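Peer 1: Dumping the structure here so I can ask a few things about it.
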């Protein structure tokens, strides 16, 4: 496959008062053109830091790249200058952040913020940038876009603000869209609309999408490939079919079992006991061993490698037959 993005043994660490926090610790995956990759896991597993590393938005210090590389169309992002990154960021790679209210500038209109993106990366005048901004608001389903372009973020609903964020992300026709939990804090109906919008835009524009989520339902609806992260590492990866039909890692199976099922008999919802280990105090062995019902002394002492069990399906567990 033609890989547009390759992450190779990425390590993004932070210096903290409690020691080094290994937020991303040896993560490797790739994303092909016109594919959607889902990155799933509990809060604090390293999903968002992986995305921020790709965008080179990790604050340095306290953060730093401790190893590995990120290749964008064969070019290293880790080694790129800030000037080179400004040409890539927002233009070739765009990102939708978790909470639009804190991502949009409250003192500028939505139209001005979309126009700024266009004027930065495109050789057009203000009138043309404004016309493109109106067209983008139409594209993402905001009614009366010629009027809404003058609205401030606080004048819009959560769903509308998220659509503005998507319009900003799409303003320069990116080849990769990173969506970091784009439906957080939205009600169920609006969530469905935003997910449908992202899926439709991917089909229409041919861009690749990296979707960060903790919801397997979202993965099943939008993604072709999946990476499961736990405690800063990848524990399983493969296609959506692989993970839903034959989950290999105990953590993946635990996540799938914890999904409520419609029509199921009354029973307690399955939970994964315990908590994710702190990024400053990661265990020597398998990082899931303390919560895994199958773990033994060997699991707690030695870290399992990511092994390929069938084409495109990998997992890191000592207990897989």
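The values are calculated or read from the model by the stated rules, or taken from the named source; none is laboratory data. All of these numbers come straight from a predicted model, not from anything done at the bench. No Cβ is skipped: glycine too gets one built from the backbone with ideal geometry, and neighbour counts run over all protein chains shown.
Peer 1: Look at region 141-152 and say how many of its residues are farther than 21 Å from residue 199 by Cα and touching a helix residue (DSSP H, G or I) at 6+ places or on another chain (Cβ under 8 Å). Give the derivation first.
Peer 2: Residues of region 141-152 that are farther than 21 Å from residue 199 by Cα, as a first pass: 144-152.
Next, from what is left, pick out any that are touching a helix residue (DSSP H, G or I) at 6+ places or on another chain (Cβ under 8 Å): 145-146, 148-152.
Qualifying residue count for the region: 7.
Peer 1: For region 237-252, indicate whether the set of residues that are in contact (Cβ under 8 Å) with a residue 40 or more places away in the chain, in contact with a helix residue (DSSP H, G or I) (Cβ under 7 Å, 6 or more places away or on another chain), outside any helix (DSSP H, G or I) and within 19 Å of residue 41 (Cα to Cα) is non-empty.
Peer 2: Within region 237-252 (the criterion being in contact (Cβ under 8 Å) with a residue 40 or more places away in the chain, in contact with a helix residue (DSSP H, G or I) (Cβ under 7 Å, 6 or more places away or on another chain), outside any helix (DSSP H, G or I) and within 19 Å of residue 41 (Cα to Cα)), the answer is no, since none of the residues qualifies.
Peer 1: Suppose we filter region 124-165 for residues that are crowded, with 20+ Cβ neighbours inside 10 Å and either in contact with a strand residue (DSSP E or B) (Cβ under 6 Å, 6 or more places away or on another chain) or not in a helix (DSSP H, G or I) (or both); how many remain?
Peer 2: The number of residues fulfilling the criteria is 4.
Peer 1: Sort out which residues of region 77-91 are more than 16 Å from the chain's Cα centre (by Cα) and either outside any helix (DSSP H, G or I) or touching a residue at least 40 places away in the same chain (Cβ under 8 Å) (or both), and write them in order of number. Spell out how you get there, then give the answer.
Peer 2: Residues of region 77-91 that are more than 16 Å from the chain's Cα centre (by Cα), as a first pass: 77-88, 91.
77, 78, 79, 80, 81, 91, listed by residue number.
Peer 1: Considering only region 1-44, state which residues are modelled with pLDDT of 90 or more, under 14 Å from the mean Cα position of the chain (by Cα) and not in a strand (DSSP E or B).
Peer 2: If the condition is that a residue be modelled with pLDDT of 90 or more, under 14 Å from the mean Cα position of the chain (by Cα) and not in a strand (DSSP E or B), then 35 is the only one that fits.
Peer 1: Kindly indicate which of 57, 37 is crowded, with 18+ Cβ neighbours inside 10 Å, out of contact with any helix residue (DSSP H, G or I) (no Cβ under 6 Å at 6 or more places or on another chain) and either without any contact (Cβ under 8 Å) to a residue 40 or more places away in the chain or at negative phi (or both). Outline the logic, then answer.
Peer 2: Numbers: 57 fails: crowded, with 18+ Cβ neighbours inside 10 Å.
Answer to the selection: 37.
Peer 1: Please verify whether region 261-272 includes one or more residues that are within 28 Å of residue 21 (Cα to Cα) and in contact with a strand residue (DSSP E or B) (Cβ under 8 Å, 6 or more places away or on another chain).
Peer 2: Taking region 261-272 and keeping what is within 28 Å of residue 21 (Cα to Cα), we get 271-272.
Now restrict to residues that are in contact with a strand residue (DSSP E or B) (Cβ under 8 Å, 6 or more places away or on another chain): none.
No, there is no match, as no residue in region 261-272 is within 28 Å of residue 21 (Cα to Cα) and in contact with a strand residue (DSSP E or B) (Cβ under 8 Å, 6 or more places away or on another chain).
Peer 1: Oh, and also: Could you pull out the residue among 123, 138 that is without any contact (Cβ under 8 Å) to a residue 60 or more places away in the chain and out of contact with any helix residue (DSSP H, G or I) (no Cβ under 6 Å at 6 or more places or on another chain)?
Peer 2: Numbers: 138 fails: out of contact with any helix residue (DSSP H, G or I) (no Cβ under 6 Å at 6 or more places or on another chain).
Within the list 123, 138, the selection yields 123.
Okay, residues lined up against (1) in contact (Cβ under 8 Å) with a residue 60 or more places away in the chain; (2) exposed (fewer than 12 other Cβ atoms within 10 Å of the Cβ); (3) closer than 20 Å to residue 24 by Cβ:
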site: 215; (1), (2), (3): yes, no, no
site: 254; (1), (2), (3): no, no, no
site: 258; (1), (2), (3): no, no, no
site: 274; (1), (2), (3): no, yes, no
site: 277; (1), (2), (3): no, no, yes
site: 287; (1), (2), (3): no, no, yes
site: 303; (1), (2), (3): no, no, yes
site: 306; (1), (2), (3): yes, no, yes
site: 312; (1), (2), (3): yes, no, no
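Peer 1: Also: Hey, does region 66-76 have a residue that's assigned to a helix (DSSP H, G or I) and at pLDDT 90 or above?
Peer 2: Of region 66-76, the ones assigned to a helix (DSSP H, G or I) are none.
Scanning region 66-76 turns up no residue that is assigned to a helix (DSSP H, G or I) and at pLDDT 90 or above.
Peer 1: Now, a different point. So how many residues does region 187-213 have that are in a loop (DSSP other than H, G, I, E, B) and either at positive phi or surrounded by 19 or more Cβ atoms within 10 Å (Cβ to Cβ) (or both)?
Peer 2: The first filter runs over region 187-213 and keeps only residues in a loop (DSSP other than H, G, I, E, B), leaving 187, 206-207.
With either at positive phi or surrounded by 19 or more Cβ atoms within 10 Å (Cβ to Cβ) (or both) added as a condition, the list becomes 206-207.
Result for region 187-213: 2.
Peer 1: Next question, about the same structure. Are any residues in region 100-120 part of a loop (DSSP other than H, G, I, E, B) and touching a helix residue (DSSP H, G or I) at 6+ places or on another chain (Cβ under 9 Å), and if so, which ones? Steps first, answer last, please.
Peer 2: Within region 100-120, the subset part of a loop (DSSP other than H, G, I, E, B) is 104-109.
Scanning region 100-120 gives 104, 105, 106, 108, 109.
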